[in-house]
Amino acid sequence: MDHRMDRRTFTQSLSALALASSASLSSSALQVAASVVAPQGSTDDTRAERQTARTTVKTPLRLGLIGAGSRGQELTRSFLRVPGVKVTAAADVYPLRFEQLNKVCGYEVAKHAEYSALLDRNDLDAIVVATPLGLHAEHVLAALKSRRPVYGEKTMAYTIEQARQIVTEVTAGKQIFQVGHQYRYSPWIRAAMARVQAGEIGDVTHVLAYWNRNSSWRRPVPDPSLERLINWRLYHQWSLGLIAELGSHHMDIANWAMGSYPVAAQASGSICCYHDGRETDDNVQVILSYPAGRRMVFTSMTDNAKMGDQLWLYGTKGSLNLTLQDATFFYEPRKVEVDKVVKTGEGHEPAVTSASYNPANEMPYRGPGSPVQVKDGEDPTTAATRAFVHCVRTGDRPIADEHVGLGSALAVVSANEARVTKREVEIAIV
Ligand SMILES: NC(=O)c1ccc[n+]([C@@H]2O[C@H](COP(=O)([O-])OP(=O)(O)OC[C@H]3O[C@@H](n4cnc5c(N)ncnc54)[C@H](O)[C@@H]3O)[C@@H](O)[C@H]2O)c1
């Protein structure tokens, strides 16, 4: 079990903490910061390469799936690409899902209306949970108690207490748990993050993330009684809205880049476009604070897709752009000096250099970046599911483990609390 940060990131975080007194952290936030120089951020590339390597091993591995909806079916497609893997049984409360799943598998999967009946079977080697967020903890904890390895979708849990329970259960039972933060397995993101951690763009002080769409998120419902089951993302009962559904991925990458859990969250949101009875906001804005005054800003809107899904990591020497398909570095050409003391005819006096007045210095860089080259740009979910199978077969510890899951759950749940209460929420790591 290896959660250490690499040496450089660890040293950076320590100096960041030393600097924090001059930054905008309260003393309690500083205490929190001290306790979060923790296991986020290790690239651990050898382990990732080992886990995601293509395999010819065909040892039978029988999966049980709880929640056979859209993501459950997508995960099934990915798992079935791994030799030896079979989805043996599924549990769902919506019978139509079993027909859809059978089509994906090309054979009949045993079906259960109750997930407990699925867990009672003795022919399953691992459990996959892909139910709505508000049900994750119930299903993941029950699956862990059945003593099988678990792949649980993100966000790991609906509350921080539930997320901690999952960490406690996994730790106590020395079990294998992998959270659905598949971007930890993305070849181009891993390659880029390794270079960031080696210092290529200096100290990363800001992460700016957009996940914008032009789509209502509303799914067609065959019968009004199924509205909340099918459109669960739009209701508080099981959903934390865009912050969880989209933001959790970006917040996980921010945790990775910052080498730390966040220490505080601010957030806002509204319904500006889809006045259709939904409860969750159709646009959200989140600011996460990290030790030493570093920040992550996440925004999501659902009526304009111009910015799409992208993250920018801003460091003192350059920037990194991450998308669903690629990663590109940009470098800071120079530091622009303003208010320089210059020598005039009458002696030395403060004067403003032309830098302040030259718009060219402030124009966005429009030239090409330096793309990250990877041998194999495969879909991150395919890599993540193959890695989970490797861990189940070998006992290796997943890269996206329960601590990774806890980190993004802390960010998501705290940001949502800040959105609801309209105040900054400090994030306590105990
Ligand atoms: N990692 C990713 O990129 C990614 C992408 C999409 C979705 N997800 C996550 O996957 C999860 C599922 O999302 P989705 O889009 O598949 O939703 P979905 O509504 O399509 O599927 C959820 C399924 O759970 C079933 N379900 C509800 N209550 C149940 C219960 N008590 N017992 C058993 N089954 C029950 C529903 O009937 C449905 O079939 C969510 O947490 C979501 O955030 C992750």
Number of the condition not met by Trp238 [criteria: (1) farther than 21 Å from Gln285 by Cα; (2) touching a Pro at 6+ places or on another chain (Cβ under 6 Å); (3) within 16 Å of the ligand (Cβ to nearest atom)] | (1)
Name the residues in the range 96-119 that are within 15 Å of the ligand (Cβ to nearest atom), free of Cβ contacts under 8 Å to residues at least 12 places away in the same chain and not hydrophobic (A, V, I, L, M, F, W, C), would you?
-> Glu99, Asn102, Lys103
Go over the candidates Pro359, Pro364 one by one and state the one that is under 30 Å from Ala265 (Cα atoms), modelled with pLDDT under 95 and surrounded by fewer than 12 Cβ atoms within 10 Å (Cβ to Cβ).
-> Pro364
Residues in the range 63-83: is at least one more than 14 Å from the ligand (Cβ to nearest atom), open to solvent by 60 Å² or more (accessible area, probe 1.4 Å), within 17 Å of Gln178 (Cβ to Cβ) and not hydroxyl-bearing (Ser, Thr, Tyr)?
-> yes
Among the residues of the range 120-136, which ones are crowded, with 19+ Cβ neighbours inside 10 Å and away from the ligand (no atom under 14 Å from the Cβ)?
-> Leu124, Ala126
When both residues are 6+ apart or on different chains and their Cβ atoms are under 7 Å apart, which pairs have a first residue that lies in the range 188-206 and is part of a helix (DSSP H, G or I), and a second that is among the charged types (D, E, K, R) and open to solvent by 10 Å² or more (accessible area, probe 1.4 Å)?
-> Trp188/Asp326; Arg190/Asp45; Ala194/Asp45; Gln197/Asp6; Gln197/Arg8
Give the range 141-177 a look and list any residue that's aliphatic (A, V, I, L, M), open to solvent by 10 Å² or more (accessible area, probe 1.4 Å) and either at pLDDT below 95 or not in a helix (DSSP H, G or I) (or both), or say none.
-> Ile176
Taking Tyr183 as the residue in question, decide whether it is in contact (Cβ under 8 Å) with a residue 60 or more places away in the chain, surrounded by 21 or more Cβ atoms within 10 Å (Cβ to Cβ), within 16 Å of the ligand (Cβ to nearest atom) and not in a helix (DSSP H, G or I).
-> no
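The values are calculated or read from the model by the stated rules, or taken from the named source; none is laboratory data. What you see is a predicted model, and the numbers here were worked out from it, not measured in a lab. We place every Cβ from the backbone using ideal geometry, glycine too, and count neighbours over all the protein chains shown. When the accessible area is computed, the model is the full protein with side chains, heavy atoms only, and any ligands, DNA or RNA have been set aside. Shrake-Rupley method; radii C 1.70, N 1.55, O 1.52, S 1.80 Å.
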